[in-house]
Structures are given as C-alpha cells and as structure tokens.
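Peer 1: Structure provided below as structure tokens; questions to follow.
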Protein chains: 2
Amino acid sequence: MIPRGVRDFPPEEMRKRNFVLDKIAQIYRSYGYREMETPAFEFLDVLTAKKAGGESINKEIFKFEDLGGRWMGLRFDFTVPIARFVAQNPNLPKPFKRFQIGRVWRYEEPQAGRFREFWQADVDVFGSTNVESDLDTLSAVIAALKELGFNDFVVKINSRKLLEEIAATAGVKREFAADFFRVIDKLEKIGEKGVKQELKEKKFPVSENLFKLILQEGAPEKILSQIKKEIKDKKPAEELEDFFKLAKSFGISEYLKLSLSLARGLDYYTGIVFEIKIKGAEKYGSVAGGGRYDNLIALYGKESVPAVGLSIGVERILEIMDEKKMFPNFEGEPKVLVVPIGQTLEKAIELTQKLRSEKISTEIDLMRRNVGKLMNYANTLQIPYVVVIGENELKEKKVTLRDMKTGKQELLNEKDLIKRLK
Amino acid sequence: MIPRGVRDFPPEEMRKRNFVLDKIAQIYRSYGYREMETPAFEFLDVLTAKKAGGESINKEIFKFEDLGGRWMGLRFDFTVPIARFVAQNPNLPKPFKRFQIGRVWRYEEPQAGRFREFWQADVDVFGSTNVESDLDTLSAVIAALKELGFNDFVVKINSRKLLEEIAATAGVKREFAADFFRVIDKLEKIGEKGVKQELKEKKFPVSENLFKLILQEGAPEKILSQIKKEIKDKKPAEELEDFFKLAKSFGISEYLKLSLSLARGLDYYTGIVFEIKIKGAEKYGSVAGGGRYDNLIALYGKESVPAVGLSIGVERILEIMDEKKMFPNFEGEPKVLVVPIGQTLEKAIELTQKLRSEKISTEIDLMRRNVGKLMNYANTLQIPYVVVIGENELKEKKVTLRDMKTGKQELLNEKDLIKRLK
C-alpha cells in the first residue's frame with residue numbers, strides 16, 4: 001500500500017526526527033545562515049544539466065511529464081536547486097548564507113539506512129572564495145553534530161585542486177582525472193593493493209613515491225610539506241595550509257584529518273572537500289559531506305559565483321542515535337488527559353480549553369469511555385497526567401490530578417492545577 | 001528556469017512562512033495532536049481510489065511511472081494519505097489524533113493565491129463518532145487562527161447527513177444527491193436566482209418552502225427547529241443541535257453560523273462540514289475547511305474508522321496577513337556581524353565562535369571587505385548589531401559594539417558583550 005523506499009513517520013518517529021531537525025536548524029541559525037526553500041521538483045534539464053550531479057545520479061531521478069508536455073524531476077539534492085536559485089537571482093547580497101532542510105528523492109535500491117525519500121540538512125555560502133567560508137560551513141555542521149550529542153567523529157579533508165595537481169604530476173591526462181579520483185577514492189573500500197591494482201589496469205602512471213603520498217592521512221603539516229616538494233603548482237597545498245591554520249581559530253582542528261585519497265562522488269566539486277564519519281558507526285558511511293563547487297552556478301546563469309557547503313544525511317544520524325541510545329527520554333504527548341465522570345462533559349471541555357489556552361498540551365476524552373479504559377489509553381500514550389472531573393469535584397469546584405508515573409493523586413482548584421502543570 | 005505554479009522561498013519569505021507554520025503547530029500540539037508525516041508520493045491507485053478525492057481532483061494529480069513500471073502520484077491533500085495510513089495500522093490506539101503540515105501538489109491553473117505546490121496544515125481525529133471530536137478539530141483551527149492574529153472570521157457549519165435528508169424530502173433521488181449538493185453549494189457564487197434556475201434545469205423538485213429553508217444561514221436554534229418539522233429522520237438535525245450546544249463549552253459559538261447551503265467540494269465527506277472565511281478578506285475564499293469522512297478509511301482496509309478533521313490553507317493565510325500587515329516587525333537575521341579590521345581575523349573568528357556557542361546568531365565577514373562595504377552589507381540584511389575588532393581593540397582586549405539602528409557605539413569586554421547581545 002506504500003511505495004518501496006518511502007515511509008510513513010508515525011508520531012513517535014516524527015518526534016525523533018523533529019528533535020534532530022530542530023537542533024540542526026537552531027545551530028545553523030546561530031551561525032547566521034537563513035532558512036530558505038526551493039520547490040520539490042524542477043525542470044528535468046535543470047537537474048541533469050551537464051556535470052550538475054554527474055552521470056550516475058541522472059538515472060536515479062524520479063521524473064514525470066506534466067500535462068503541458070514538459071519534463072520535471074523531483075530534486076535529488078539541494079545543491080543543484082540552490083545553484084539554479086542563486087544564478088536566477090544575481091542581485092542577492094553576497095555572501096549569501098542559507099540553509100535548507102527537507103526531503104529529496106532518489107530511485108536507488110533501498111537497503112539499511114538508504115531510502116528513496118530521505119531528509120537532508122544543507123548549509124552553504126555563496127559569493128566567497130576565502131577558506132574561512134569553507135570553514136564556516138564545516139564549523140556549522142560540526143557544531144550541529146556536537147549539539148546532537150556526537151563527540152567522537154572524524155572529518156576528512158582534501159582538495160580537488162590538489163588532487164588535480166597530483167594527477168598532473170603523475171602524468172594522468174586532464175580528461176581522465178575524474179576517473180583517476182574515483183579509483184583512489186576507493187582506498188577505504190578495496191585497500192591499498194586494490195587501488196594499486198586498479199591504477200595499473202587503467203594505466204594511470206603513478207610512481208611509487210607519489211602513491212605513498214596519496215595513501216597519507218592525518219595531521220596536515222607534514223603531509224603538505226612533503227606534497228609541496230612533489231607538485232609544480234603549490235597553490236592548492238598552500239590553500240590547505242591556510243585552511244588548517246584558520247581551523248584552529250574556528251576551534252575545530254581536533255576533528256580534522258587531511259586525507260589525500262578523498263575525492264567525493266559528485267562531479268561538481270572544485271576545491272576543498274569534506275566527509276564526516278562517526279567513530280564506532282563507520283558501517284553507516286559518512287553522515288555529512290560536501291565541499292566547494294565554484295563552477296556549478298555558472299551552468300544556470302551568466303555569472304560565476306563561488307560556492308561551498310555541506311549536507312547532513314538525516315536518516316543516518318537518526319539510525320546512529322537510535323542505535324547508540326542518544327535520544328533523551330521524551331515525555332509522553334500530550335501532557336494531560338481530561339477525564340469527565342458522570343454529567344461533567346461540559347465542565348470538562350471548559351477546563352480543557354482553559355489548559356490549552358495556557359499552552360498546556362491537553363486532550364479530552366472524545367469517545368465517552370469509562371475511567372478504566374481512559375487510564376489504559378493514558379498509559380498506552382504515556383500521557384504523564386490525568387485530570388478527573390467527577391460530580392463531587394464539580395460540587396467542590398476542584399479537580400483530581402493524577403500523576404501517572406507515581407500514582408499520586410491531589411485535589412486541586414483550577415489555579416493550582418495550572419500552576420502544577422506549567 | 002522554474003516550473004509554473006511552484007516557487008522559491010527566499011529567507012524573507014521563508015521567515016513569514018515559518019512564523020505561520022510554527023504558530024499553527026504550537027496550537028495543534030496544545031490541543032493534544034501529535035505530528036506525523038506521510039510520503040510525498042503514493043501509489044496512484046491509492047490517490048484515485050473510488051470516491052477518495054472525487055473525479056475532478058484525479059485530473060490534477062502529478063503522476064509518474066517509476067522504473068519498475070508502477071504508477072505513482074504526488075499527494076494532493078493529506079486526508080487521503082492519512083486514511084491509507086490509518087487503514088494500514090489497525091492497532092493504533094484510538095482516538096488517534098494527529099496533525100500534519102507540509103506541501104501538496106495539484107496541477108491547477110495558477111492564479112492569485114493558487115499554486116501547483118502549496119502548504120497545508122491538517123488536524124484530524126480518528127476513531128470517534130461523537131460531536132466533541134468534530135468540535136475538537138474545529139476548535140484547534142479556530143485557536144490557530146486567533147494565535148495568528150485573526151479575530152474576525154466566520155465558520156459556516158452544515159451536515160451532509162442533513163443535506164441528504166433535505167434532498168430526500170425534496171424527492172431528489174439518492175444517486176443525484178451529490179449533484180444536488182453541488183448546485184446549492186453555488187449559492188454564494190450565483191445567488192438565489194441562479195440556484196433556483198439551476199435546480200429547475202436539472203429537474204430537482206425542491207418546493208418553495210424547502211428552498212427557503214436551504215437559503216437560511218445564521219443562528220442554529222431557530223433554523224434547526226424549523227427544519228425538523230420538514231424532514232422525516234430528525235437525527236441529523238439533532239446531531240447539529242448537540243454540536244452547537246457543546247460548541248458553547250468549547251468557547252467557539254460566537255464564530256459559528258449554520259449554513260444549509262454549504263456542501264464542500266470533496267466527495268468523501270459524510271457528516272458535519274466546516275468552512276472558514278476571514279471577514280474583509282472574502283475574496284481569498286475559505287482559509288480552512290473540512291468535515292467528517294467516516295467512509296474513507298474503509299476504502300483502504302477491512303475496518304471502518306470514523307474520522308473528522310480540517311485543513312488550513314497556508315498560502316491564503318500568508319497573503320491575507322501580508323495584505324493586512326499582520327506580521328510583526330521581524331528583527332534582522334543574523335543578530336550580529338563581526339568585522340575584523342587589520343590583522344585581527346583569527347581573533348575575530350574566535351569571538352564569532354564564542355558568540356555562536358552562546359546561541360547568539362552571528363556572522364563574520366567571509367569576503368575580507370573594508371568597513372564601509374561591511375556596514376552597507378549589515379544595513380542591507382538589517383543586521384541589528386556590528387562588532388568591530390581592530391588592532392587597538394585587540395590590544396585593550398575589548399571590542400566595539402555598534403547598534404545599527406541608533407548608531408551608538410560602545411567599547412566592551414567579551415563578557416559584557418555577550419550580556420548585551422543575549
């Protein structure tokens with residue numbers, strides 16, 4: 001009754017999701033990013049624009065022809081739509097810092113942690129080429145992870161420009177560079193030997209010396225000074241040096257690791273790239289990733305606008321937080337169930353409306369059930385308080401408040417009841 | 001570059017939208033409704049199930065064939081998906097009270113206030129047949145409208161069952177009842193004469209006496225006592241009497257008006273129906289509507305589950321609030337821009353991170369601009385405060401805080417700065 005790879009989110013699931021999304025949004029806001037939204041679908045040719053997402057993603061787009069005969073596609077990420085938006089609005093004050101949280105759709109084979117409809121939380125800066133903008137987006141994502149309760153994670157950093165320089169040094173032709181990146185990006189999957197083998201098969205002429213460099217991962221200073229000796233144009237390495245230097249001021253150095261084999265799948269990246277994994281939850285893959293994509297916006301407009309940003313994969317975050325029991329003990333919702341006994345329905349409704357007007361989340365029996373059934377219902381929904389109004393209470397102008405956890409009951413007037421429940 | 005009838009929501013627009021959506025969600029929660037979500041698309045045959053939305057809406061569904069050859073459709077409302085969900089989950093504790101806020105899609109001709117992608121905010125109760133559940137959903141929507149600042153609105157009430165009884169009294173055959181409802185629902189559009197004319201053309205045998213009754217609108221007591229004299233089965237009228245009586249306890253009587261010509265477009269309604277218009281903004285049509293739909297869930301499962309609910313049309317609310325200048329003066333976002341002068345970038349970044357960790361929404365110059373340009377930028381974004389760190393400030397371990405509204409400047413240490421900005 002429900003298509004493969006998409007899901008319903010019942011209230012219990014939705015609460016966890018909202019907990020995560022609210023915390024991420026709150027942090028993004030504190031970093032000065034402003035929320036915006038783009039449509040769920042775009043013209044298909046916008047989504048598939050040359051190099052936008054790369055070949056493989058085009059096959060995964062949910063597409064349809066509208067009644068006017070135009071082809072549309074559901075967005076597969078937020079980067080392509082925001083690039084289209086920025087191109088279309090050349091007069092946006094720069095830098096333009098926005099975040100976007102919502103759903104995207106990809107026709108992939110569903111598996112553990114992978115769905116056809118899933119949430120992403122993106123944060124991007126448009127208009128700046130300075131490394132502090134790369135660091136600003138990355139810091140925002142790191143702060144969001146910390147706010148969610150993650151403390152042990154690794155951020156791998158690399159630079160596409162540096163990779164290009166390495167490829168050039170190795171003698172890989174420009175048109176094969178993307179393919180070369182894909183091979184070395186497999187290091188974690190297929191190991192040193194596998195990568196070496198594949199480089200050989202594809203006839204990428206990487207020297208032993210250079211290969212050793214590519215394998216490097218860790219503190220940036222030493223690796224960068226080594227790499228600078230090997231490559232001709234030293235700018236990409238110097239840019240990374242600046243990046244790691246300013247990272248200290250941003251207070252995020254402890255999480256960063258230079259990883260020369262990191263390339264990131266999407267074709268649109270042009271500069272520094274990031275990938276974040278949670279320690280002890282590596283099987284979930286990366287929970288966030290991104291990088292600089294200075295050429296994407298020019299695909300949709302006259303001007304070229306530098307851009308950098310990251311995306312958090314919300315489903316993975318949710319699964320890891322579930323597995324690691326990182327969610328707080330949520331209180332039951334609603335907070336109060338009002339139970340009329342005897343001829344007190346009207347009074348009970350009035351009280352319910354009073355509590356609601358005080359912003360106390362209150363439900364009143366809507367099924368005219370007996371007290372026993374109502375107590376069961378309150379327990380099932382883990383509603384923390386029940387307020388009973390019987391005819392005796394009515395006479396005394398009081399109500400009985402029952403704490404469902406302790407079983408303790410009190411006879412209170414309306415004023416004290418509100419005070420107790422607030 | 002963007003398909004017809006869908007829109008981007010830049011930060012300024014999104015803020016208004018979030019203001020509205022947050023207030024609605026907050027009220028729905030206070031009424032004990034719990035948030036949930038369903039997928040953006042469903043199997044097409046779920047959306048077009050007999051009578052689900054009625055014939056006309058089927059033409060408006062955005063549909064597509066997935067790679068597996070199954071037909072999907074983007075949801076056109078939340079009622080059909082939630083009915084499918086409730087049918088699919090027969091063990092949900094009842095009543096099941098949920099709200100859902102999000103986007104739906106309809107291929108309609110775009111016009112003022114009507115889009116192909118638009119937001120709805122739904123609130124529904126499943127499992128109860130009692131009028132207090134109709135009133136519970138209606139009260140939640142009325143409270144949401146009041147929370148948004150609306151005080152002058154009219155809620156038209158009618159009952160499909162009563163209409164059926166009127167149709168039967170008039171001698172309209174059962175199979176023509178829906179058509180009959182559609183004609184009298186046009187009262188506001190084509191007037192008394194128009195309706196009379198159309199009833200004649202369609203050969204609906206409505207007596208002069210009954211026609212006068214149908215035209216009635218206003219306080220329910222008198223109309224219902226009149227109508228009870230005319231109809232055979234008096235239950236639908238008595239149910240309305242109960243409804244209006246309990247409405248007093250819910251504190252919403254002042255807004256309600258019985259309107260015997262109200263039928264509501266969608267075919268799935270079976271009982272009491274509602275429609276809300278804002279006074280002085282009638283040209284926008286109804287801003288919320290709904291009713292009881294006791295037969296919809298049985299379309300998707302074995303069990304029949306009674307259901308009632310309403311939907312708020314978010315776009316119309318936004319347009320009316322814009323027109324009537326009902327939005328508060330939002331403060332600029334972010335709250336602070338940190339401006340380094342001279343060799344103070346690192347210190348400025350550290351301060352920025354400190355402010356952010358205190359949950360103060362802070363942006364730092366990412367483009368290495370001069371002070372003049374940065375002040376312009378702050379003014380353009382209406383950022384309320386600028387913090388300047390020059391080399392003198394650095395020496396004194398202080399910063400200059402500038403209030404952008406008053407132009408007042410102060411030299412403060414970090415602690416006092418945070419105190420001032422919180």
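Peer 1: Need one value for A:130-136: mean number of C-beta atoms belonging to other chains within 10 Å of its residues' C-beta atoms.
Peer 2: Per residue, the average neighbour count from other chains is 4.
Peer 1: For the cross-link pairs B:LYS94/B:LYS212; B:LYS359/B:LYS398; A:LYS415/B:LYS405, which exceed 31 Å when the distance is taken from alpha carbon to alpha carbon?
Peer 2: Violating the 31 Å limit, Cα to Cα: B:LYS94/B:LYS212; A:LYS415/B:LYS405.
Peer 1: Could you tell me which helices of chain B pass both thresholds, a Cα extent of 27 Å or more along their own axis and a mean Kyte-Doolittle hydropathy of at least -1.0, with helices taken as whole DSSP H runs? Write down the numbers at each step before the final one.
Peer 2: Values: long enough: B:11-30 (28 Å, -0.95).
Length and hydropathy pass: B:11-30.
Peer 1: What nm distance separates the two modelled labels at B:ASP242 and A:ARG368, each placed 7 Å from Cα along Cα→Cβ?
Peer 2: Here the answer is 0.5 nm between the modelled labels.
Peer 1: Here is a further query. Ranked by Cβ crowding within 10 angstrom, fewest neighbours first, how are B:LYS161, A:LYS232 ordered?
Peer 2: A:LYS232, B:LYS161
Peer 1: Sticking with this structure for a sec: Using a Förster radius of 41 Å, what is the FRET efficiency between B:ASP22 and B:LYS228 based on their Cβ-Cβ separation? Nearest 0.05, please. Show your work: numbers first, answer last.
Peer 2: Numbers: r = 44 Å, r/R0 = 1.08.
Computed FRET efficiency for B:ASP22 and B:LYS228: 0.40.
Peer 1: Now for a separate question. Equivalent ellipsoid semi-axes for the range B:249-323, as square roots of 5 times the alpha carbon gyration tensor eigenvalues: give them largest first, rounded to whole Å. Please report the intermediate quantities before stating the final value.
Peer 2: On the way: eigenvalues 145, 47, 27 Å².
Equivalent ellipsoid of the range B:249-323: 27, 15, 12 Å, largest first.
Peer 1: Right, next: How high is the relative contact order of chain B, given as a whole-number percent (alpha carbon pairs under 8 Å, six or more residues apart)?
Peer 2: Computed value for chain B: 16 percent relative contact order.
Peer 1: What ranking do B:LYS189, A:LYS200, B:LYS23 get, fewest neighbouring Cβ atoms within 10 angstrom at the top?
Peer 2: On the way: B:LYS189 8, A:LYS200 11, B:LYS23 19.
The fewest-first ordering by Cβ neighbours comes to B:LYS189, A:LYS200, B:LYS23.
Peer 1: List the residues of the range A:106-125 whose backbone N lies under 18 Å from a point placed 7 Å from the Cα of B:GLU65 along the Cα-to-Cβ direction.
Peer 2: A:107
Peer 1: So, one more: What pairs from A:LYS156/B:LYS373; A:LYS146/A:LYS186; A:LYS156/A:LYS302; B:LYS228/B:LYS257; A:LYS189/A:LYS222; B:LYS146/B:LYS422 go past 23 Å between their alpha carbons?
Peer 2: Over 23 Å Cα-Cα: A:LYS156/B:LYS373; A:LYS146/A:LYS186; A:LYS156/A:LYS302; A:LYS189/A:LYS222; B:LYS146/B:LYS422.
Peer 1: Which of B:ARG98, B:ARG356, B:ARG84 moves most in a GNM of chain B, Cα contacts under 10 Å?
Peer 2: Residue with maximal mean-square fluctuation among B:ARG98, B:ARG356, B:ARG84: B:ARG356.
Peer 1: How are the Cα pair distances of the range B:352-422 distributed, in percent, across 5 Å bins from 0?
Peer 2: The distribution over the range B:352-422 is 3, 15, 27, 29, 21, 5, 0, given as percents.
Peer 1: Using just the helices of the protein assembly as shown, give the 222 nm mean residue ellipticity in deg cm²/dmol: DSSP H runs with n ≥ 4 each add -39,500 (n - 2.57), and the total is spread over all residues, rounded to 500.
Peer 2: -12000 deg cm²/dmol
Peer 1: Name the residue, out of B:ASN151, B:ASN370, B:ASN89, whose mean-square fluctuation peaks in a Gaussian network model built on chain B with Cα pairs under 10 Å.
Peer 2: Answer for the Gaussian network model of chain B: B:ASN370.
Peer 1: Kindly work out what percent of the DSSP beta bridges joining two residues of the range A:11-323 are antiparallel, to the nearest 5. Could you put the intermediate results ahead of the total?
Peer 2: Details: 42 of 47 bridges.
Taking every DSSP beta bridge with both residues in the range A:11-323, the antiparallel ones total about 90 percent.
Peer 1: At what distance in nm do the modelled label points of A:ASN379 and A:LYS235 sit from each other, each positioned 7 Å from its Cα along Cα→Cβ?
Peer 2: 7.2
Peer 1: Could you list log10 I(q)/I(0) for the range B:4-46 at q = 0.27, 0.33, 0.35 Å⁻¹, which the Debye formula gives when each Cα is one point scatterer?
Peer 2: Debye intensities relative to I(0), on a log10 scale: -0.92, -1.03, -1.08.
Peer 1: I would also like to ask the following. In peptide B:58-65, what is the residue-averaged number of other protein chain Cβ atoms found within 10 Å of each Cβ?
Peer 2: Counting Cβ atoms of other protein chains within 10 Å of each residue's Cβ and averaging gives 3.
Peer 1: For the range B:65-188, what is the Kirkwood hydrodynamic radius in Å, using each pair of distinct C-alpha atoms?
Peer 2: Roughly 18.2 Å, rounded to one decimal.
Peer 1: How fast does the range B:179-319 diffuse by Stokes-Einstein, in µm²/s, taking the Kirkwood radius from C-alpha pairs at 25 °C and 0.890 mPa s?
Peer 2: This corresponds to a translational diffusion coefficient of 145 µm²/s.
Peer 1: Arranged by the count of other C-beta atoms within 10 angstrom, fewest first, what order do A:ILE341, B:ILE297 take?
Peer 2: A:ILE341, B:ILE297
Peer 1: Separate question: Kindly give the distances from A:THR129 to its copy-mates, label point to label point, with each label point 7 Å from Cα along Cα→Cβ, as nm values to one decimal ordered shortest first.
Peer 2: 7.3
Peer 1: Pick from A:GLY372, A:GLY390, A:GLY290 the residue whose mean-square fluctuation is largest in a GNM of chain A, springs joining Cα atoms under 10 Å.
Peer 2: Its mean-square fluctuation being the largest, the pick is A:GLY372.
Peer 1: Oh, and also: For the range B:272-289, in order, what is each residue's ³J(HN,Hα) by Karplus, 6.51 cos²θ - 1.76 cosθ + 1.60 with θ = phi - 60°, in whole Hz (x at glycine and Pro)?
Peer 2: With the stated coefficients, the range B:272-289 comes to 5, 10, 10, 8, 10, 10, 8, 5, x, 9, 5, 4, 7, x, 7, 9, 7, x Hz.
Peer 1: Quickly rank B:308-319, B:269-280 as a protection proxy: mean count of other C-beta atoms within 10 Å, highest first.
Peer 2: The most tightly packed comes first, giving B:308-319, B:269-280.
Peer 1: Ok, one more. Just round it to a whole percent: the fraction of Cα-Cα distances in chain A exceeding 27 Å.
Peer 2: 61
Peer 1: For the protein assembly as shown, compute Rh as the Kirkwood radius over C-alpha pairs and then the Stokes-Einstein diffusion coefficient at 20 °C and 1.002 mPa s; write the answer in µm²/s, rounded to an integer.
Peer 2: 72
Peer 1: Mind running the shape call on the range B:122-203? Use the C-alpha gyration tensor, a ≥ b ≥ c as the square roots of the eigenvalues: rounded below 1.5 for a/c, prolate if a/b tops b/c, oblate otherwise.
Peer 2: The shape class here is oblate.
Peer 1: What whole number of Å gives the distance from the Cα centroid of the range B:288-350 to the Cα centroid of the range A:256-314?
Peer 2: Comparing the Cα centres of the range A:256-314 and the range B:288-350, I get a distance of 29 Å.
Peer 1: For the rotation taking chain B to chain A, which residue of B has the Cβ nearest the axis, and how many Å away is it?
Peer 2: Taking Cβ atoms only, the nearest residue and its distance are B:PHE64, 2.
Peer 1: Which value in nm describes the separation of the simple spin-label points at A:LYS146 and A:ARG182, placed 7 Å from the Cα toward the beta carbon?
Peer 2: 3.8
Peer 1: Put a point 7 Å out from Cα along the line to Cβ at A:ALA112; what are the distances to that point in the other copies, in nm, shortest first?
Peer 2: Reported distances to equivalent positions: 5.7 nm.
Peer 1: Would you mind giving the mean number of other chain beta-carbons within 10 Å of the Cβ of each residue in A:363-372, as a whole number?
Peer 2: Per-residue shielding by partner chains comes out at 5.
Peer 1: Over the range A:1-156, what portion of Cα pair distances is larger than 27 Å, expressed as a whole percent?
Peer 2: Of all Cα-Cα pairs in the range A:1-156, 32 percent lie more than 27 Å apart.
Peer 1: Still on this model: Between copies, how far does the label point of B:GLU410 sit from its twins, in nm, shortest first, when each point is 7 Å from Cα along Cα→Cβ?
Peer 2: Ordered by increasing distance: 4.1 nm.
Coordinate-derived values only; no laboratory data. Predicted, not measured: the structure shown is a model, and the values here were computed from it. As a convention, Cβ positions derive from the backbone with ideal geometry for all residues, glycine included, and neighbour counts pool all protein chains shown.
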